[in-house]
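In what follows, a single structure is set out as C-alpha cells and then discussed.
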Amino acid sequence: MIWDWNACCAPAEVRELQGQEPLALAGGLWCGLLSSGQCLLEPQSAAPQAPGAETAESVLGHSGDLLLGAGAFVLRPVAPCHLLALRLAGGAAEQFAAGLPGPRFANSAVCPGAAELLARLCDGSRRGADASQTAFALLCELSRADEAAPSLSPLVAEAVQAIRDNYMGLYGVEELSEHLGISKCHLVRLFSAEMGVPPGRYLTQTRIEAAKLLLAEREYNLELIANLCGFSGANYLCRVFKTETGMSPAAW
C-alpha cells in the first residue's frame, strides 16, 4: 500500500446529544454541529486543581455552531438541543488537536462545507478510503475555523440568531422584521450588506442544512423532515433542495 488514508485521518466514533441530558467526550479530536438549541461546553481537567488556580471557562454554543474539542469536556444543554459529534483519529487529526488551545464552539459561517461533510461521515455509509478522504476534507474545512468571522452589527447578529433558533416555525422575513421591530426593507438592506445574502435566502440555507442532518440519520421520511425544517411539504422541500444543492434529497 502506497498511502494509508486511515493513518492520516479517519472517522472513529459518533456520539449524539439530544434533549437535556449532558454528554461527556474525551480521547482525541471531536468535531460536531449543534443543529438546534443552546449548549454549555465545560472543559474538564484530569489533574486536581491547586487552590486559587484558574479554571478553564465554560463556553456557550448556539444553534448552528460547530464544535471543536480535544481532551476531556462535557456538553450540558441549556435548553433542549441536538448535537452530532464525531471523533477523528489518525496523524493529521492528532496534529490538529495539538494546535487547539482548548475545546470551543466556532462560527459555522467561516466553515460553510463542514456541516455537509460531517453529516456524510455520521450516517455511516462511507467505508475505507472513501470515509478517510471525507474525514480529511472535513479536517481541511475545519482548519478555517480560526479565520475571523464577519463582524456583524447587533441588529444583524440578532437576526442571524433568530433564524438559527426559530427556522422551524419562522414564516418568513416579514415575521422576522416584526420580531426585530424594524421594516422588512431595512432588514433586507442591512442583512444583505453584512451577510452577502438576503435574510430569506439565509433562512432557506439554514433549513436545508438542518434537512441534510435529518436525511443523514435515515430515520425520517421526507414529509416529516419537511415539517421539522419549516417547509410546507415534501414536494416543496424536494424542489428547494434541488435548487440549493443540485440534487434531490434521495440522491444526496
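With K and R counted +1 and D and E -1, the other residues having a Cβ less than 9 Å from that of residue 245 yield a net charge of 0.
Take the Cβ-Cβ distance between residue 197 and residue 232 as r, set R0 to 30 Å, and report the resulting FRET efficiency rounded to the nearest 0.05. Mind showing how you got there, number by number?
Working: r = 21 Å, r/R0 = 0.71.
Efficiency computed from Cβ-Cβ geometry: 0.90.
Dipole check for the stretch 85-213: with +1 at the C-beta of Lys and Arg, -1 at the C-beta of Asp and Glu, and the Cα centre as origin, the magnitude is about 260 Debye.
Of the chain, which part is the longest with no GluC sites (Glu not before Pro) in a loop (DSSP not H, G, I, E, B) and with at most 14 other C-beta atoms within 10 angstrom? So the longest stretch without any such site is 58-146. Cβ-Cβ distance of residue 44 and residue 144, R₀ of 25 Å, FRET efficiency by 1/(1 + (r/R0)^6): the value works out to about 0.40.
When only DSSP loop residues count, what trypsin sites (Lys or Arg not before Pro) in the stretch 150-229 have their Cβ near at most 10 other Cβ atoms within 10 Å? All intermediate terms of the calculation are to be shown ahead of the outcome.
Details: sites: 164, 184, 189, 201, 207, 212, 218; in loops: 218.
Sparse-neighbourhood loop trypsin sites (Lys or Arg not before Pro): 218.
Descending by average beta-carbon neighbour count within 10 Å, the peptides 99-106, 81-88 line up as 81-88, 99-106, the highest first. List residues of the stretch 8-31, by number, whose backbone nitrogen lies under 20 Å from a label position 7 Å along Cα→C-beta of residue 129. Under cut-off, by backbone N: 8-12. With 0.36 nm allotted per residue and the present C-alpha distance subtracted, the residue 14-residue 72 stretch has 19.3 nm of extension available. Evaluated over the Cα positions of the stretch 161-252, the convex hull gives a direction-averaged projected area, one quarter of its surface, of 5.9 nm². Candidate values (i) 53, 51, 32; (ii) 77, 69, 42; (iii) 59, 48, 36 were compared with Cα extents along the principal axes in Å computed on the shown model; the agreeing label is (i).
Quick note: the coordinates plus some simple rules give every number you see, no bench work behind them. Keep in mind the model is a prediction, meaning the values are calculated, not measured. Here the Cβ is made from the backbone with ideal geometry for all residues, glycine too, and neighbour counts use every protein chain on show.
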